[in-house]
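**Q** Questions regarding the structure given below will be posed in turn.
The values are calculated or read from the model by the stated rules, or taken from the named source; none is laboratory data. What you see is a predicted model; the values in this text were computed from it and never measured. Cβ placement follows ideal geometry from the backbone for every residue including glycine, while neighbour counts extend to all protein chains displayed.
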Amino acid sequence: MRKILAVLGVIIISVQSLSAQLIQGFDTVCINTPLQLTTTQTNASSYYWGFCSAYLNNSPQGSSIAAGTGLDAPRSTALVVDSDDNHYIFVVNNGGATRNIIRYDFGSSLANAPIATNLGDFGGLININPKGLWFAEDGDGWHAFLAAGNGPAASQIIRFDFAGGLSALPTAIDLGNLGGLVINPQDMYIFEEGGNWHGFTNSGFTGNLLRFDFGASLSNVPSIFTIANLGIPPLGLGFPTGFWPAFDGNNWHLFVCNAITSSVVRLDFGTTLTNTNPSSVDLGDFGGLLTSPRDISIIQDCDAWYGFVTNEGSNNMVRLEFMGSITAAPTATDLGNFASFDAPIYLTHFKRSRDNVFAFTANNGSNSLSRIEFNSCLVPDITASTFRTPPPITYDIPGIYNVYLVIDEGLPTMQVACKEITVQDFPLIDIHNDTLICVGDSIQVTANGQNLNSIMWSTNYNMFPPTADTETVVLYPRENFTYDIQMVFASGGCVIDTNLTVDVSQVRADAGEDRFVADGAYTTLGGPQISYGQEYSYTWSPSTFLDDPSVANPRCDPKYTQFYVLEVTNDSTGCAVTDSVYVFNECTDVNLPNAFNPVSDVSYNRRFGVMNNRIFKLNYFKIFNRWGKLVFQTTNPSIQWDGNDQNIPAPSGTYVWMVDGECDNGKRIQKQGNVFLVR
């Protein structure tokens, strides 16, 4: 049926015991979180890391090697890899009057398209119903053992000797039915133990498990005797077909398919397969998922055990997953018909080729081979590395990924380890509070998440507490600022680097410097730092003496000292700030313009007179032309000259004025000056 050296069981145990030692690093991370893996083996000649190797708990892919390659009702199937890393599949046909063997040469990878070679029927030596096929290599080279036949007279064991290697044509020797005990044999397994070679086959008719003993060389003619009955315990026959051995590091076990009762039985041999009295456990039909099961193959991968069963009756494959131990009751999953199964018969062993895992089964109904593939993926940013310490890797999709490490590949010191990496989506995090503040304000922000282990805020610009390993901080930036947040979760290796931007609404109110404004003069309020724009509104209060209290820079004509408050509001954010200014006013001098135009477009430029508000008594206000003629006089501070002399427009020129008056603070003002009349 299949080929795998017995020493492979030892290699599997090495993998199990070395996995935790060889690969170090977190086994749970978050998506897009760098994962640094290292190895304790620092002096190896070569390293190969696969960061998304095939994971047998995922769904497999399948392809078909179509008819036309020499298959005719194929049955026995075996997968073999020689010392030069050449990969072969051997299939024994059961169609026609004679049976022949087809060899498929895949070269360096089982993913390649094979070259098929018909090795012939060896002179018609192979009896009807060839089933179990197994390859093993001893000191004399490669040998293959084939079980075939129905009744006692027609049943046989054939040995094929590949003296020139697996690419050569072998010679065949019929070992017969070994004392009549070989009756309708179903499967084959060859192994070495204690320097001696042994083999197993089984009878579909009687349900017996038979062991041959070869001694020190596979070229010897073996002796044979009955070990156990493989029917459903106690002693009920279930037509046992394919079987598979497994060594868990301490004990040997044999898993057997029963075609008629659609069940799997496990035989427990203890520490040696030469034990003549194994115990048995009926694992059942797994809720009806088995339908005429034909073969089973067991593989340990990444410290977990898996079994795969071909259902001849329903053209599908069932995966068994043994949780924690090979002796645990497995859970079964129907993988369906993903590889064009058509009466699938015997199943090869599962072969890991670095990052991919392959197996093959022959389809008796469609004369084809089904290739079963568990392939690597492209999820990590780096898929492989040959460095002793690989660069950090990240995975951007949640799932379970298999990291595969090979050290000293191809050498006697070769070691293999694998590690399952669980990649989780980011935990739900909550960073709450409005992140818009007004300049000068502060904000309290809280960040948390499920299973949060620690949190660090940085930098500590305007933050309390300044060294923030805490969920809650108070922030008071003076301008827009982004704070970094690193959140570490208890799952280990799950780190979220995020950030929070605090937007600061930069509203500035500048009422200007306090100022003195002479009696009768005016000033414009507002300083250079005020915020200007359509999104701002302005309110000056009180509105006394202002031309428009709703603009940024109103004109102020004070009649006495006044205190003003300016409020500037950003209408889009609602932020408002205030500033204030004192406008001092005192009557200390007379306030008169130096020119006027009676026909000016500006009304307050058309007349000339005392502009003071606080002169309560005007003894006289007189105006003279250049020749000293009096053209205007009044004692009323509110009356101004309109530029006429006895109702006749005075000519343009310079005029002299004289004032004598008293302010409300008791100050007397006597002053004269010039004014230019413009026409």
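**Q** Hey, among 182, 265, which residue is part of a strand (DSSP E or B), of a type in the set (A, V, I, L, M, F, W, C) and surrounded by 21 or more Cβ atoms within 10 Å (Cβ to Cβ)? First the steps, then the outcome.
**A** Values: 182 fails: part of a strand (DSSP E or B).
Exactly one residue qualifies, and that residue is 265.
**Q** Going by the conditions given, is residue 441 at pLDDT 85 or above, surrounded by fewer than 16 Cβ atoms within 10 Å (Cβ to Cβ) and of a type in the set (Asp, Glu)?
**A** yes
**Q** Out of (1) touching a residue at least 60 places away in the same chain (Cβ under 8 Å); (2) of a type outside the set (Lys, Arg); (3) in a strand (DSSP E or B), the odd one out for residue 117 is which?
**A** Only one criterion in (1) touching a residue at least 60 places away in the same chain (Cβ under 8 Å); (2) of a type outside the set (Lys, Arg); (3) in a strand (DSSP E or B) is unmet by residue 117, namely (1).
**Q** Being modelled with pLDDT under 90, in contact with a strand residue (DSSP E or B) (Cβ under 8 Å, 6 or more places away or on another chain) and closer than 30 Å to residue 290 by Cβ narrows it down to one of 400, 429, 372, so name that one.
**A** 400
**Q** Could you say which residue among 226, 201 is crowded, with 20+ Cβ neighbours inside 10 Å and in a strand (DSSP E or B)? Show your work before the answer.
**A** Working: 226 fails: crowded, with 20+ Cβ neighbours inside 10 Å.
Answer to the check: 201.
**Q** Continuing with the same structure: Can you work out which of the residues in region 629-668 that are among the hydrophobic types (A, V, I, L, M, F, W, C) and assigned to a loop (DSSP other than H, G, I, E, B) is surrounded by the fewest Cβ atoms within 10 Å (Cβ to Cβ)? I'd like the intermediate steps shown before the answer.
**A** Narrowing region 629-668 to residues among the hydrophobic types (A, V, I, L, M, F, W, C): 630-632, 639, 641, 648, 650, 656-659, 663.
With the extra rule that they be assigned to a loop (DSSP other than H, G, I, E, B), the set shrinks to 639, 650.
Details: 639: 15, 650: 20.
Taking the candidates together, the pick is 639.
**Q** How many of the residues making up region 450-463 are crowded, with 16+ Cβ neighbours inside 10 Å and at positive phi?
**A** The initial filter retains those residues of region 450-463 that are crowded, with 16+ Cβ neighbours inside 10 Å, namely 452, 455, 457, 462-463.
With the extra rule that they be at positive phi, the set shrinks to 462.
Result for region 450-463: 1.
**Q** Testing residue 604 on (1) free of Cβ contacts under 8 Å to residues at least 60 places away in the same chain; (2) over 30 Å from residue 436 (Cβ atoms); (3) part of a loop (DSSP other than H, G, I, E, B), one condition comes back false. Which one is that?
**A** Evaluating residue 604 over (1) free of Cβ contacts under 8 Å to residues at least 60 places away in the same chain; (2) over 30 Å from residue 436 (Cβ atoms); (3) part of a loop (DSSP other than H, G, I, E, B) leaves (3) as the failure.
**Q** Right, here's the next one. Mind checking which residues of region 319-358 are assigned to a strand (DSSP E or B), farther than 20 Å from residue 76 by Cβ and out of contact with any Phe, Trp or Tyr (no Cβ under 7 Å at 6 or more places or on another chain)?
**A** Our first condition is that a residue be assigned to a strand (DSSP E or B); within region 319-358, this holds for 319-322, 331-336, 344-347, 351-353, 356-358.
Remaining after also requiring farther than 20 Å from residue 76 by Cβ: 319-322, 331-336, 352-353, 356-357.
Passing the criteria: 331, 333, 334, 335, 336, 352, 353.
**Q** Here is a further query. With touching a residue at least 40 places away in the same chain (Cβ under 8 Å) and under 54 Å from the mean Cα position of the chain (by Cα) as the only criterion, which of 507, 517, 565 stands out? First the steps, then the outcome.
**A** Details: 517 fails: under 54 Å from the mean Cα position of the chain (by Cα); 565 fails: under 54 Å from the mean Cα position of the chain (by Cα).
The match here is 507.
**Q** So which strands (runs of 3 or more DSSP E) are wholly in region 128-167 and hold at least 3 residues that are more than 51 Å from the chain's Cα centre (by Cα) and in contact (Cβ under 8 Å) with a residue 40 or more places away in the chain? Spell out how you get there, then give the answer.
**A** On the way: elements: 133-138, 141-148, 156-162.
Counting at least 3 such residues, we get 156-162.
**Q** Looking only at region 85-114, which residues are over 19 Å from residue 345 (Cβ atoms), among the small types (Gly, Ala, Ser) and assigned to a loop (DSSP other than H, G, I, E, B)?
**A** Of everything in region 85-114, those that are over 19 Å from residue 345 (Cβ atoms), among the small types (Gly, Ala, Ser) and assigned to a loop (DSSP other than H, G, I, E, B) turn out to be 97, 108, 109, 111, 113.
**Q** Sticking with this structure for a sec: Among residues belonging to region 464-473 that are under 32 Å from the mean Cα position of the chain (by Cα) and not small (Gly, Ala, Ser), point out the one that is surrounded by the most Cβ atoms within 10 Å (Cβ to Cβ).
**A** 473
**Q** Another question, if that's okay. Give me the residue from region 319-349 that is touching an Asp or Glu at 6+ places or on another chain (Cβ under 8 Å), hydrophobic (A, V, I, L, M, F, W, C) and buried (at least 24 other Cβ atoms within 10 Å of the Cβ) and, out of that set, modelled with the highest pLDDT.
**A** Result: 347.
**Q** Could you grab me the full set of residues in region 268-308 that are polar (S, T, N, Q) and either outside any loop (DSSP other than H, G, I, E, B) or out of contact with any strand residue (DSSP E or B) (no Cβ under 9 Å at 6 or more places or on another chain) (or both)?
**A** Narrowing region 268-308 to residues polar (S, T, N, Q): 271-272, 274-277, 279-280, 291-292, 297, 300.
Once the filter is applied, which keeps residues that are polar (S, T, N, Q) and either outside any loop (DSSP other than H, G, I, E, B) or out of contact with any strand residue (DSSP E or B) (no Cβ under 9 Å at 6 or more places or on another chain) (or both), region 268-308 yields 279, 280, 297, 300.
**Q** Pairs only if they're at least six apart or on different chains, beta carbon under 7 angstrom, first in region 642-664 and within 14 Å of residue 624 (Cα to Cα), second in a strand (DSSP E or B) and among the basic types (Lys, Arg); list them, first residue then second.
**A** 657/622; 658/622; 659/671
**Q** Report yes if residue 142 is within 20 Å of residue 223 (Cβ to Cβ) and aromatic (Phe, Trp, Tyr), otherwise no.
**A** Considered against the rule, which asks whether it is within 20 Å of residue 223 (Cβ to Cβ) and aromatic (Phe, Trp, Tyr), residue 142 comes out as no.
**Q** Under 30 Å from the mean Cα position of the chain (by Cα) and of a type in the set (S, T, N, Q): is that true of residue 376 in this structure?
**A** On the way: under 30 Å from the mean Cα position of the chain (by Cα): yes; of a type in the set (S, T, N, Q): yes.
Spelling it out, residue 376 is indeed under 30 Å from the mean Cα position of the chain (by Cα) and of a type in the set (S, T, N, Q).
**Q** Just one of (1) buried (at least 20 other Cβ atoms within 10 Å of the Cβ); (2) closer than 30 Å to residue 108 by Cα trips up residue 210, so point out which.
**A** (2)
**Q** I would also like to ask the following. Tell me whether region 357-377 contains one or more residues that are in contact with a helix residue (DSSP H, G or I) (Cβ under 9 Å, 6 or more places away or on another chain) and either touching a residue at least 24 places away in the same chain (Cβ under 8 Å) or closer than 20 Å to residue 311 by Cα (or both). Reasoning before the result, please.
**A** Residues of region 357-377 in contact with a helix residue (DSSP H, G or I) (Cβ under 9 Å, 6 or more places away or on another chain): none.
No: zero hits.
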